[in-house]
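Below is one structure; the comments refer to it alone.
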Amino acid sequence: MADQGFMFLTDVTPAPEEADVMDIPYRTKRPHKKSRSGCKNCKARKVKCNEERPVCRTCRLRKEDCVYPSATTNATRITSSSSSSSSSSKPAFASKQSTSLPSPSPSDGNSTPSPSSYSQNTQLVRSTNPAITANPVFLPPHVHQDELKLMWFYSTVSCGSFSVRGVEDDPVKETMRSDIVQQAFSNRFLLDTLFGLSCLHMKTLGQDFDEKRALLYRTRAFEGYRRAIAEANPESFTALTANSLLLTALTSGSFRDPEAPDLYIIDWMLVWRGIGVIVNFIDKPILEDSSIRLLFSRPPLCVSVGTPYIPHHLLLMISSIPADDPEFFDTTDYYEALEYLGCLYQGLQVDSWSTLNLRIVTWFTYLPAAFCDLARQRRPRALVILAHYAVFLKLLKTIWWLQGVGDRTLGDIRKHLSSEWHPVLQVPFEAMGVDDSLAICRLLLEDPTWMPPYSDPSSRAAFFCDELVVDVS
């Protein structure tokens, strides 16, 4: 069984209870608002044009010639529109008086301004120094000083949060820096997520930040996200999809919170599953034409190749389930989860370091819904499998929002499972507190002489990097 390797999660079918958690009602999709000055291709295809010049985003992605209507035609339409609106009893500037971006405060935490107030008043500022950034920076009017700082921090530091290649010209990083920001200023819930993510990143680095504002951004991000899902406005679909991914990083802060509930890994797994709910909720062509499509790719995976690498003690744990055990009927789901885990073990032997990192990060997206349900029930065998996965998470030292996830998960599972399960948890427990990548890999493979097979210098350098790398370029 092989994964298609692109648009990950399109093959994930959410369990019915997961859809309930997301509170996604079934409703017909609303027609999108037509653009009056879009290019001819977008008009012909009846899709919204972002009106970028000289080539709009859709034409750029589809590699088509982008042709806009003549200025004469547009001028005629504007004149006609102006004459028809002159009979209105309200002055033309009245609608602009309520479009300022309010800075969040405890009193307005439950209010979310109209997304149009951001898109209509967005100021496009292009850098005069191409060496700084080749992309436009979108700034709304009346932005709070703290928000300017957070946006600067996101654009220079946090935009690399989902880049596993570790190179400056990574297209994923550029997408996060430009396209995601553009979407954020048309969708307040995504903007709040970016601000909340920046606050969390600053906290992880020990920098000063406003804890109250961080909590407010997080609250507003989730409230606005749920509301946007319920409204099902096609114009917000790209932002919804991007937000579902960013929430995996935003919610990772609970792993480093001593007050967070035990076994938070299970709740976090459902956040990853929520991406599949959104992707299946949205028309696939919209995502394929989207500028954020790079964020939803993963390396192809063949479970039959990884099966021989599954640790023997884990196979025995499942094969020894007696026929009269209620979990006997769940053995297929356990085996399928082990097959995906085996691909991580196999990746240690053959994959490049960046490819293995991406497999580890996206591992939850491969899992069958039935296994996730077993984990939600806190079945011991499911927790044992998650414990072995948590050891792999300890290898991802350059991804700041994964710091502490592995050790916190291992500690929670150790407290939850009784001593009868400790024999199959020997390797995960030995990995607790171990930070050296080479030592962790040798524990996983149970080979004290193992050395990384990477011949390229970049993979070897990344593998032996034992300190958190923060890209501030």
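The values are calculated or read from the model by the stated rules, or taken from the named source; none is laboratory data. As the structure is a computational prediction, the values presented were derived from the model and not from experiment. Cβ: placed from backbone, ideal geometry, glycine included. Neighbour counts: every protein chain shown.
Picking from residues in the stretch 179-196 that are touching a Phe, Trp or Tyr at 6+ places or on another chain (Cβ under 7 Å) and of a type in the set (A, V, I, L, M), the one that is farthest from THR219 (Cα to Cα) is VAL181. Under the condition of being under 21 Å from TRP268 (Cα atoms) and either more than 15 Å from the chain's Cα centre (by Cα) or of a type in the set (A, V, I, L, M) (or both), the residues counted in the stretch 229-247 number 7. Scanning the stretch 332-376 for residues that are more than 20 Å from the chain's Cα centre (by Cα) and outside any helix (DSSP H, G or I) gives ASP351, SER352. Going through the stretch 369-399 one residue at a time, which ones are touching a Gly at 6+ places or on another chain (Cβ under 6 Å) and farther than 19 Å from VAL271 by Cα? Listed by number, the list holds a single entry, LYS394. In the stretch 300-334, which residue that is among the β-branched types (Val, Ile, Thr) and over 28 Å from PRO453 (Cβ atoms) is surrounded by the fewest Cβ atoms within 10 Å (Cβ to Cβ)? Step by step, filter the stretch 300-334, then rank; the result is THR332.
Among the residues making up the stretch 378-393, those that are in a helix (DSSP H, G or I) and not aliphatic (A, V, I, L, M) are PRO380, ARG381, HIS388, TYR389, PHE392. Taking the criterion of being hydrophobic (A, V, I, L, M, F, W, C) and in contact (Cβ under 8 Å) with a residue 60 or more places away in the chain, the residues of the stretch 151-166 that qualify are VAL157, PHE162, VAL164.
Within the stretch 419-448, can you find the residues that are in contact with a helix residue (DSSP H, G or I) (Cβ under 8 Å, 6 or more places away or on another chain) and not in a helix (DSSP H, G or I)? Hits for the stretch 419-448 are MET432, GLY433, VAL434, GLU446, PRO448. In the stretch 180-297, counting only helices (runs of 4 or more DSSP H) that sit wholly within it, the ones holding 3 or more residues that are buried (at least 22 other Cβ atoms within 10 Å of the Cβ) span 188-204, 211-231, 237-250, 264-281.
If you filter the stretch 335-364 down to residues that are of a type in the set (Ser, Thr, Tyr) and under 12 Å from PRO299 (Cβ atoms), you find that the one that is surrounded by the fewest Cβ atoms within 10 Å (Cβ to Cβ) is THR355. As a summary of the residue check, TYR217 satisfies the conditions (1) aromatic (Phe, Trp, Tyr); (2) at pLDDT below 95; (3) over 21 Å from VAL277 (Cα atoms) except for the one numbered (2).
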